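Following: one structure in C-alpha coordinates, then a few remarks.
The values are calculated or read from the model by the stated rules, or taken from the named source; none is laboratory data. The shown structure was predicted, so the numbers you read here are calculated from the model rather than taken from an experiment. When the accessible area is computed, the model is the full protein with side chains, heavy atoms only, and any ligands, DNA or RNA have been set aside. Shrake-Rupley method; radii C 1.70, N 1.55, O 1.52, S 1.80 Å.
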Amino acid sequence: VVNIPFHKSIPGKNGIITSNSNRYRKFLPLFPGSISPTMKKFLFLLLWQCILCAAFSQQATLDSLLKKLPDSKEDTLKAWLLIKIADILLYNEPFKARTYIQQAASLSEKIHFNTGIIRSNATYADSYQIEGKIDSALIYIERNLNLGRKLNDSFQIGIALLNMGVIYRDKMEFEKAL
(Lines give C-alpha, C1' and ligand atoms only; values in the text may rest on other atoms or scores of the structure.)
Protein backbone atom coordinates (compact mmCIF):
# COMPACT_ATOMS: atom_id res chain seq x y z
CA VAL A 1 0.00 0.00 0.00
CA VAL A 2 1.36 3.39 -1.01
CA ASN A 3 0.05 6.46 0.85
CA ILE A 4 -0.19 9.60 -1.21
CA PRO A 5 -0.77 12.84 0.76
CA PHE A 6 -3.32 15.20 -0.71
CA HIS A 7 -4.95 18.42 0.41
CA LYS A 8 -7.56 17.89 3.14
CA SER A 9 -10.40 18.93 0.82
CA ILE A 10 -9.92 15.77 -1.25
CA PRO A 11 -12.09 12.94 0.09
CA GLY A 12 -10.35 10.18 1.94
CA LYS A 13 -9.45 9.18 5.45
CA ASN A 14 -7.73 12.22 7.05
CA GLY A 15 -7.05 13.73 3.65
CA ILE A 16 -4.94 10.76 2.51
CA ILE A 17 -5.92 8.59 -0.41
CA THR A 18 -4.50 5.08 -0.41
CA SER A 19 -3.76 3.07 -3.50
CA ASN A 20 -2.88 -0.58 -3.96
CA SER A 21 -1.66 -0.09 -7.52
CA ASN A 22 1.95 -0.65 -8.56
CA ARG A 23 2.17 2.56 -10.59
CA TYR A 24 4.00 4.38 -7.77
CA ARG A 25 6.47 1.58 -7.01
CA LYS A 26 8.67 2.61 -9.94
CA PHE A 27 9.53 5.82 -8.07
CA LEU A 28 10.67 4.09 -4.88
CA PRO A 29 14.33 3.73 -5.99
CA LEU A 30 14.49 7.55 -6.18
CA PHE A 31 14.02 7.92 -2.45
CA PRO A 32 17.15 7.95 -0.24
CA GLY A 33 15.93 5.17 2.06
CA SER A 34 16.08 2.65 -0.75
CA ILE A 35 19.66 3.41 -1.87
CA SER A 36 22.49 1.28 -0.54
CA PRO A 37 25.24 2.99 1.51
CA THR A 38 27.80 2.29 -1.23
CA MET A 39 25.55 3.91 -3.82
CA LYS A 40 25.02 6.93 -1.54
CA LYS A 41 28.78 7.42 -1.27
CA PHE A 42 29.18 7.11 -5.03
CA LEU A 43 26.40 9.62 -5.72
CA PHE A 44 27.81 12.02 -3.13
CA LEU A 45 31.30 11.87 -4.68
CA LEU A 46 29.85 12.30 -8.17
CA LEU A 47 27.84 15.35 -7.10
CA TRP A 48 30.85 16.82 -5.27
CA GLN A 49 33.05 16.33 -8.35
CA CYS A 50 30.49 18.12 -10.55
CA ILE A 51 30.36 21.05 -8.14
CA LEU A 52 34.16 21.32 -8.00
CA CYS A 53 34.51 21.12 -11.78
CA ALA A 54 31.97 23.89 -12.25
CA ALA A 55 33.68 26.08 -9.65
CA PHE A 56 37.18 25.61 -11.04
CA SER A 57 36.13 26.07 -14.65
CA GLN A 58 34.38 29.34 -13.79
CA GLN A 59 37.47 30.57 -11.93
CA ALA A 60 39.68 29.61 -14.88
CA THR A 61 37.39 31.54 -17.24
CA LEU A 62 37.47 34.57 -14.94
CA ASP A 63 41.26 34.44 -14.70
CA SER A 64 41.68 34.26 -18.48
CA LEU A 65 39.28 37.18 -19.01
CA LEU A 66 41.07 39.28 -16.41
CA LYS A 67 44.39 38.61 -18.18
CA LYS A 68 42.95 39.89 -21.46
CA LEU A 69 41.61 43.08 -19.91
CA PRO A 70 44.80 45.22 -19.74
CA ASP A 71 45.67 44.57 -23.41
CA SER A 72 42.19 45.37 -24.74
CA LYS A 73 41.53 48.45 -26.85
CA GLU A 74 38.80 50.90 -25.88
CA ASP A 75 36.10 49.42 -28.12
CA THR A 76 32.95 47.32 -27.99
CA LEU A 77 34.96 44.13 -27.38
CA LYS A 78 36.38 45.58 -24.18
CA ALA A 79 32.88 46.60 -23.09
CA TRP A 80 31.69 43.02 -23.69
CA LEU A 81 34.73 41.68 -21.83
CA LEU A 82 33.93 43.85 -18.81
CA ILE A 83 30.28 42.78 -18.90
CA LYS A 84 31.28 39.10 -19.08
CA ILE A 85 33.59 39.50 -16.08
CA ALA A 86 30.75 41.17 -14.18
CA ASP A 87 28.40 38.32 -15.13
CA ILE A 88 30.80 35.77 -13.68
CA LEU A 89 31.19 37.73 -10.43
CA LEU A 90 27.55 38.75 -10.18
CA TYR A 91 26.08 36.05 -7.92
CA ASN A 92 29.08 35.54 -5.64
CA GLU A 93 30.38 39.10 -5.37
CA PRO A 94 27.75 41.59 -6.60
CA PHE A 95 29.61 44.59 -5.19
CA LYS A 96 32.82 43.65 -6.99
CA ALA A 97 30.85 42.94 -10.16
CA ARG A 98 29.55 46.52 -10.09
CA THR A 99 33.09 47.88 -10.44
CA TYR A 100 33.36 46.11 -13.80
CA ILE A 101 29.82 47.11 -14.75
CA GLN A 102 30.73 50.75 -14.05
CA GLN A 103 33.74 50.48 -16.34
CA ALA A 104 31.63 48.85 -19.06
CA ALA A 105 28.91 51.49 -18.72
CA SER A 106 31.31 54.43 -18.90
CA LEU A 107 33.16 52.91 -21.87
CA SER A 108 29.87 52.18 -23.64
CA GLU A 109 28.72 55.77 -23.08
CA LYS A 110 32.06 57.10 -24.33
CA ILE A 111 31.97 55.11 -27.60
CA HIS A 112 28.16 55.42 -28.02
CA PHE A 113 27.64 51.66 -27.73
CA ASN A 114 23.92 51.46 -26.91
CA THR A 115 23.83 47.69 -26.52
CA GLY A 116 26.62 47.95 -23.96
CA ILE A 117 24.74 50.65 -22.07
CA ILE A 118 21.58 48.55 -22.01
CA ARG A 119 23.46 45.43 -20.91
CA SER A 120 25.33 47.39 -18.22
CA ASN A 121 22.08 48.79 -16.84
CA ALA A 122 20.52 45.32 -16.80
CA THR A 123 23.53 43.87 -14.97
CA TYR A 124 23.46 46.75 -12.49
CA ALA A 125 19.79 45.97 -11.84
CA ASP A 126 20.57 42.27 -11.37
CA SER A 127 23.35 43.03 -8.89
CA TYR A 128 21.06 45.22 -6.80
CA GLN A 129 18.26 42.65 -6.94
CA ILE A 130 20.64 39.98 -5.67
CA GLU A 131 21.46 42.20 -2.68
CA GLY A 132 17.77 42.94 -2.11
CA LYS A 133 18.08 46.62 -3.05
CA ILE A 134 14.97 46.63 -5.19
CA ASP A 135 14.57 50.41 -5.48
CA SER A 136 18.11 50.74 -6.85
CA ALA A 137 17.39 47.95 -9.33
CA LEU A 138 14.29 49.82 -10.51
CA ILE A 139 16.38 52.91 -11.30
CA TYR A 140 18.50 50.96 -13.80
CA ILE A 141 15.52 49.19 -15.31
CA GLU A 142 13.83 52.57 -15.81
CA ARG A 143 17.00 53.81 -17.51
CA ASN A 144 16.75 50.89 -19.92
CA LEU A 145 13.08 51.66 -20.51
CA ASN A 146 13.91 55.29 -21.33
CA LEU A 147 16.80 54.28 -23.59
CA GLY A 148 14.59 51.73 -25.35
CA ARG A 149 11.99 54.42 -25.99
CA LYS A 150 14.65 56.84 -27.21
CA LEU A 151 15.99 54.21 -29.63
CA ASN A 152 12.45 53.10 -30.55
CA ASP A 153 13.50 49.53 -29.63
CA SER A 154 10.24 47.69 -28.90
CA PHE A 155 12.09 44.56 -27.72
CA GLN A 156 14.06 46.50 -25.11
CA ILE A 157 10.93 48.36 -24.02
CA GLY A 158 9.18 45.02 -23.52
CA ILE A 159 12.06 43.55 -21.53
CA ALA A 160 12.23 46.62 -19.28
CA LEU A 161 8.47 46.62 -18.68
CA LEU A 162 8.56 42.90 -17.92
CA ASN A 163 11.38 43.36 -15.39
CA MET A 164 9.57 46.28 -13.77
CA GLY A 165 6.40 44.21 -13.55
CA VAL A 166 8.25 41.36 -11.86
CA ILE A 167 9.78 43.72 -9.30
CA TYR A 168 6.47 45.42 -8.54
CA ARG A 169 4.81 42.01 -8.24
CA ASP A 170 7.47 40.92 -5.76
CA LYS A 171 6.87 44.14 -3.81
CA MET A 172 3.14 43.32 -3.81
CA GLU A 173 2.38 46.52 -5.72
CA PHE A 174 0.06 44.85 -8.18
CA GLU A 175 -1.40 48.01 -9.71
CA LYS A 176 2.07 49.17 -10.76
CA ALA A 177 2.95 45.67 -11.93
CA LEU A 178 0.18 45.80 -14.50
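The heavy atoms of Glu173 offer some 60 square angstrom of accessible surface to a 1.4 angstrom probe. Exposure check, 1.4 Å probe, all protein chains in place: Lys133 carries approximately 100 Å² of accessible surface.
Going by a ≥ b ≥ c, the root eigenvalues of the Cα gyration tensor, does the range 38-122 fall in the rounded group (a/c under 1.5), the prolate group (a/b larger than b/c) or the oblate group? The shape class here is prolate.
Based on the convex hull around the alpha carbon atoms, the range 79-178 presents an average projected area of 6.0 nm². Note on the range 65-118: lysine pairs with Cα distance below 19 Å, sequence gap of 8 or more or different chains, count 12. Taking a straight line from the alpha carbon of Lys176, these aspartates and glutamates sit under 17 Å away, with near neighbours fewer than eight places off in the same chain left out: Asp135, Glu142.
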